[in-house]
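This report refers to the structure that appears directly beneath it.
The values are calculated or read from the model by the stated rules, or taken from the named source; none is laboratory data. Quantities reported herein were computed from a predicted structural model and do not represent experimental measurements. Counting neighbours? That spans all protein chains shown, and the Cβs are built from the backbone with ideal geometry, glycine included. Only protein heavy atoms, including side chains, enter the accessible area calculation; ligands, DNA and RNA are left aside. Shrake-Rupley method; radii C 1.70, N 1.55, O 1.52, S 1.80 Å.
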Amino acid sequence: MRRVAILISGGGSNMMTLLRAMEEGDFPARAVLVLANNPDAGGLEKAAALGIPTAVVDHRPFGKDRAAFDAAVDAELRAADVDLVCLAGFMRILTPEFTAGWEGRMLNIHPSLLPLYKGLHTHQRAIEAGDAVHGCSVHLVTAALDDGPVLGQARVAILPDDTPETLAARVLVQEHRLYPAVLKRFASGDQTAIILE
Ligand code: GRF
């Protein structure tokens, strides 16, 4: 049984789908920690309400000292005896030293069909490019941002009158299907990619 920590910065809708999925009897992992870099992250209260231990490592007091912030996060994960990390709307770029310590056992969900549109504003960029299809990806986290091996993708058609907001809402629905499916497969030791239509 894999021991999972979920890292969030905001409301945590992906976090909730992972927590709900891990309550299923045959799920090969269970959540042991939800950690946020933002003390006001709405997801903290939701996780606590489900009885999941929570922790906050506020990045602001660390200023530009990313290594010190990452070391504090790493200490929380080690203290909780975590062996698998899921980034779910965690809006901090992690240092290469930190990602090296969790290489091969840290996943992230990104709202684009990687390798397209790494970074921010993915929905707007896909619309501006005139793409017909967009979507989301779950990938292993490496030192390069949004660049690790893709473990799963879900595609979403872009509609003629789509705005970044309407597209983001439809992609989020697919994120909530994709992340639990990828985590279940990955935690059972299977790294073959999942493509959801
Ligand atoms: C999601 O769209 C995710 O892909 C991106 O940040 C958003 C977080 O949403 N990285 P939530 O906090 O899981 O609701």
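Please report the net charge: other residues with Cβ closer than 12 Å to the Cβ of W102, K and R +1, D and E -1. Intermediate values should be presented prior to the final figure.
Values: positive: R78, R105; negative: D70, D74, D83, E97, E103.
Cβ neighbours under 12 Å give a net charge of -3.
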Percent accessible area from carbon and sulfur atoms, the chain, protein chains only, probe 1.4 Å:
56
Other-chain or far-sequence residues with amide H under 5 Å of M106's (modelled H):
V85, V141
Take the Cα coordinates of segment 1-102, assign each an equal point scatterer, and use the Debye formula without solvent to give log10 I(q)/I(0) at q = 0.19, 0.21, 0.23 Å⁻¹.
-0.89, -1.08, -1.27
Remind me, relative contact order of segment 1-102 in percent, using alpha carbon pairs under 8 angstrom and six or more residues apart?
37
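From largest accessible area down, sort D81, D161; use a 1.4 Å probe on the protein chains.
On the way: D81 95, D161 125 Å².
Largest accessible area first, the residues go D161, D81.
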What accessible area, in Å² to the nearest ten, does a 1.4 Å probe give for E103?
110
Enter the angle in degrees (range 0 to 90, nearest 10) between the Cα long axis of helix 164-187 and the first principal axis of the Cα atoms of the chain, meaning the one along which they spread out most.
50
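If we count every other residue with Cβ under 14 angstrom of D147's Cβ, Lys/Arg +1 and Asp/Glu -1, where does the sum land?
Values: positive: K118; negative: E103, D146.
Charge balance in the 14 Å sphere: -1.
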Taking only Cα atoms, what is the 0 to 90° angle, nearest 10, from helix 66-79's long axis to the longest principal axis of the chain?
70
Among the lysines, select those whose C-alpha is under 25 Å from the C-alpha of K118, and discard any that sit fewer than 8 residues away in the same chain.
K64, K184
For the chain, convex hull volume per residue from C-alpha positions, Å³
115
How much accessible area per residue does the chain have, counting only protein heavy atoms and a probe of 1.4 Å, in square angstrom?
46
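Under the 0.36 nm per residue contour assumption, what length would be gained going from the current alpha-carbon distance of D65 and A169 to full extension? Don't skip to the answer; put the middle values down first.
Values: separation 104, 0.36 × 104 = 37.44 nm, distance 3.43 nm.
Taking 0.36 nm per residue and subtracting the Cα distance, the gain is 34.0 nm.
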How large is the accessible surface of K46 in square angstrom, using a 1.4 angstrom probe and rounding to the nearest 10?
90
Computed ³J(HN,Hα) along segment 132-137: with the Karplus parameters 6.51/-1.76/1.60, θ = phi - 60°, integer Hz and x for glycine or proline, the list is 8, 10, 9, x, 9, 9
With a 1.4 Å probe and every protein chain left in place, tell me how much accessible area V156 has, in Å² to the nearest 10.
10
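Please report the net charge: other residues with Cβ closer than 10 Å to the Cβ of V32, K and R +1, D and E -1. Kindly include the intermediate steps, with their values, before the conclusion.
Numbers: positive: R2, R3, R30; negative: D81, D83.
Computed value for this residue: +1.
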Counting only protein chains, not ligands or nucleic acids, how are S188, S13 ordered by accessible area (probe 1.4 Å), most first?
S188, S13
Want the number for E97 to A143: 0.36 nm per residue separation, take away the alpha-carbon distance, what's left?
15.8 nm
